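K.L.:
One structure, as structure tokens, below. Some questions next.
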Ligand SMILES: [Cu+2]
């Protein structure tokens, strides 16, 4: 084989070899070997991690390759007595290779992740995703998360709706069919352990789904700000959109519990969770007070107003949801 054919063959094989090596490494090291991510608590989280690691290995491989070539050039073309430096004006073939290779990798990644993206971002639960159906409404408001369950009749915005602020409870292995809205500014519903994030945009009614596969009580210990290991019994819900001066505090807790515990909770009974001080606290849904003029009841009424075509434009003052209703006095 002549040297030019060998060089061409090496170039042709370099990209598939790099991709194959990265894929093998990704497949061989399932999970999170570099501890880059929080613990995974959904099926899709594991798939997102695999994709992330494919990119990580590609990046590390490229970095090592480029640095090795750089060092080799430094060594091969070091100053030598009696040898004059020569100018070069580039190499068209080499430039083509280092332009086309990253472009091809990017196109590969774009195509490779499409299935997972469309599955996770589908507004309807995709085919093949099985599990108990749990409908829930999620409302974002500076700087709190509110959750509503439909009650015994299975219908939202009826008198038997049950609501709670700050705690979302779902059964393990269930498919949560959620609708997300914002009452004021743009927020982002982020479940880091599920690798799931969705913007809550005022005026938009966003459907989403997620499927927890691990009880939150089985969460592995995490380090607190002082580096001490602490045991938490919930998955985090945080706002991932800079939504105002208390954005940092816009967090809630996702309790993934057994079917039996969820059945009791969904009926309005209290369930016990850790209070993070060594004791227990009871969490319980409250009946939605549909006639409330202030507070949580009124916020949910404002949610319903978003479906009301007689409401003109965005709320004038989101703290007073009734102000949005045309012609209605406070
Ligand atoms: Cu927010």
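K.L.:
Could you grab me the full set of residues in segment 126-150 that are away from the ligand (no atom under 16 Å from the Cβ) and at pLDDT 90 or above?
P.N.:
132, 133, 134, 135, 136, 137, 148, 149, 150
K.L.:
I need the full set of residues from segment 204-214 which are within 16 Å of the ligand (Cβ to nearest atom) and assigned to a loop (DSSP other than H, G, I, E, B), in order please.
P.N.:
If the condition is that a residue be within 16 Å of the ligand (Cβ to nearest atom) and assigned to a loop (DSSP other than H, G, I, E, B), then 204 is the only one that fits.
K.L.:
Something else now. Residue check: is residue 323 surrounded by 14 or more Cβ atoms within 10 Å (Cβ to Cβ), part of a helix (DSSP H, G or I), modelled with pLDDT under 85 and outside the structural domain of residue 256 (by TED's automatic domain parsing)?
P.N.:
So residue 323 passes the test.
K.L.:
Quick one: is residue 252 modelled with pLDDT of 90 or more, more than 17 Å from residue 237 (Cβ to Cβ) and touching a strand residue (DSSP E or B) at 6+ places or on another chain (Cβ under 9 Å)?
P.N.:
no
K.L.:
Looking at (1) out of contact with any helix residue (DSSP H, G or I) (no Cβ under 9 Å at 6 or more places or on another chain); (2) within 20 Å of residue 151 (Cα to Cα); (3) assigned to a loop (DSSP other than H, G, I, E, B), which is the only condition residue 292 fails?
P.N.:
(1)
K.L.:
Is it the case that some residue within segment 117-125 is within 28 Å of residue 222 (Cα to Cα), surrounded by 10 or more Cβ atoms within 10 Å (Cβ to Cβ) and modelled with pLDDT of 85 or more?
P.N.:
Checked segment 117-125: at least one residue is within 28 Å of residue 222 (Cα to Cα), surrounded by 10 or more Cβ atoms within 10 Å (Cβ to Cβ) and modelled with pLDDT of 85 or more.
K.L.:
Give just the number: which of (1) in contact (Cβ under 8 Å) with a residue 40 or more places away in the chain; (2) exposed (fewer than 13 other Cβ atoms within 10 Å of the Cβ); (3) touching a strand residue (DSSP E or B) at 6+ places or on another chain (Cβ under 9 Å) does residue 246 not satisfy?
P.N.:
Only one criterion in (1) in contact (Cβ under 8 Å) with a residue 40 or more places away in the chain; (2) exposed (fewer than 13 other Cβ atoms within 10 Å of the Cβ); (3) touching a strand residue (DSSP E or B) at 6+ places or on another chain (Cβ under 9 Å) is unmet by residue 246, namely (3).
Conditions (1) surrounded by 12 or more Cβ atoms within 10 Å (Cβ to Cβ); (2) outside the structural domain of residue 303 (by TED's automatic domain parsing), marked per residue:
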{"position": "105", "(1), (2)": "yes, yes"}
{"position": "114", "(1), (2)": "no, yes"}
{"position": "144", "(1), (2)": "yes, no"}
{"position": "153", "(1), (2)": "no, no"}
{"position": "156", "(1), (2)": "yes, no"}
{"position": "163", "(1), (2)": "yes, no"}
{"position": "168", "(1), (2)": "yes, no"}
{"position": "171", "(1), (2)": "yes, no"}
{"position": "174", "(1), (2)": "yes, no"}
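K.L.:
Residue 296 is checked against (1) modelled with pLDDT under 80; (2) surrounded by 17 or more Cβ atoms within 10 Å (Cβ to Cβ) and fails just one. What number does that condition carry?
P.N.:
Unmet condition: (1).
K.L.:
Just the residues that are more than 19 Å from the chain's Cα centre (by Cα) and in a loop (DSSP other than H, G, I, E, B), please, taken from segment 110-142.
P.N.:
127, 128, 130, 131, 132, 142
K.L.:
If we keep just the residues of segment 160-198 that are more than 16 Å from the ligand (Cβ to nearest atom) and assigned to a loop (DSSP other than H, G, I, E, B), which is nearest to the chain's Cα centre (by Cα)?
P.N.:
195
K.L.:
Return yes or no: is residue 73 assigned to a helix (DSSP H, G or I), modelled with pLDDT of 90 or more, more than 16 Å from the ligand (Cβ to nearest atom) and surrounded by fewer than 11 Cβ atoms within 10 Å (Cβ to Cβ)?
P.N.:
Taking the combined requirement at face value, the residue satisfies it.
K.L.:
Could you check how many residues of segment 217-242 are closer than 18 Å to residue 147 by Cβ, under 17 Å from the mean Cα position of the chain (by Cα) and either within 16 Å of the ligand (Cβ to nearest atom) or modelled with pLDDT under 95 (or both)?
P.N.:
Here the count works out to 5.
K.L.:
What are the pairs with Cβ atoms under 6 angstrom where one residue, in segment 273-285, is surrounded by 10 or more Cβ atoms within 10 Å (Cβ to Cβ) and the other, located anywhere, is modelled with pLDDT under 90 and part of a loop (DSSP other than H, G, I, E, B)? Sequence gap at least six, or different chains.
P.N.:
Listed by first residue and then by second, the contacts come to 281/275.
The values are calculated or read from the model by the stated rules, or taken from the named source; none is laboratory data. This one's a predicted model, so the numbers in the text were calculated from it and none came from an experiment. As a convention, Cβ positions derive from the backbone with ideal geometry for all residues, glycine included, and neighbour counts pool all protein chains shown.
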